[in-house]
Amino acid sequence: MEKSRSASYITKSGGACSWRNRGVHGVPTRCWCGEGITTFVSKTNKNPFRRFYRCEMAMQRKGKDHLFKWVDEALAEEISLVEARQRTVEEDLEDMKKTKKSEEDVALQKNGCLAVITWLCCKLW
């Protein structure tokens with residue numbers, strides 16, 4: 001990494017090194033070293049004005065391998081993670097609806113209306 005005149009870091013390659021970012025999915029909050037993350041702007045011809053995350057420690061200790069990640073790639077990963085979580089929640093909700101309906105049907109078949117009312121009261125309190 002080279003430092004430009006405007007204090008933004010210039011990358012020599014077009015992308016982030018995957019071995020440096022292993023285990024970092026979505027928007028990073030901390031580097032593997034525990035330091036916070038800062039956003040910079042690339043000044044290279046290959047990636048002009050492209051924003052990236054960089055470990056604050058990397059500013060002081062050049063040559064050390066700390067977190068580097070493009071902001072656009074991190075946001076795309078974050079959206080994918082949220083979509084996956086949303087699908088899981090929706091599936092769980094559907095399972096809960098099916099289970100509830102099934103329990104209500106069993107209670108109605110076994111004991112009639114009084115059992116259903118009792119069962120519902122127990123669920124509410």
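Couple of notes before you dig in:
- Close amide H partners of TRP70, meaning residues 5 or more places away or on another chain with modelled amide H under 5 Å apart, are ALA16, TYR53.
- Derived scalar couplings between HN and Hα for the stretch 45-52 equal 5, 6, 9, x, 6, 7, 7, 8 Hz in order, rounded to whole Hz, by the Karplus curve 6.51 cos²θ - 1.76 cosθ + 1.60 (θ = phi - 60°), x for Gly and Pro.
- With both labels modelled 7 Å from their Cα along Cα-to-Cβ, the GLU103 to ILE79 distance reads 3.8 nm.
- Taking other C-beta atoms within 10 Å as the exposure proxy, HIS66, HIS25 rank HIS25, HIS66 from fewest upward.
- For VAL27, the residues whose amide H sits under 5 Å from its own are GLU78, ignoring neighbours fewer than 5 places away on the same chain, with H placed 1.01 Å from N.
- Peptides 84-94, 41-51 ordered by average Cβ neighbours within 10 Å, highest first: 41-51, 84-94
- With θ taken as phi - 60° and the Karplus curve 6.51 cos²θ - 1.76 cosθ + 1.60 applied, the whole-hertz 3J(HN,Hα) list for the stretch 68-80 is 9, 7, 5, 5, 5, 5, 5, 5, 4, 5, 4, 4, 4 Hz, x standing for glycine and proline.
All of the numbers you see were taken from the coordinates with simple rules; none came from a lab. A quick note: this is a predicted structure, and the numbers were derived from the prediction, not measured. When we count neighbours, we look across all protein chains shown, and the Cβ atoms used for this are built from the backbone with ideal geometry, even at glycine.
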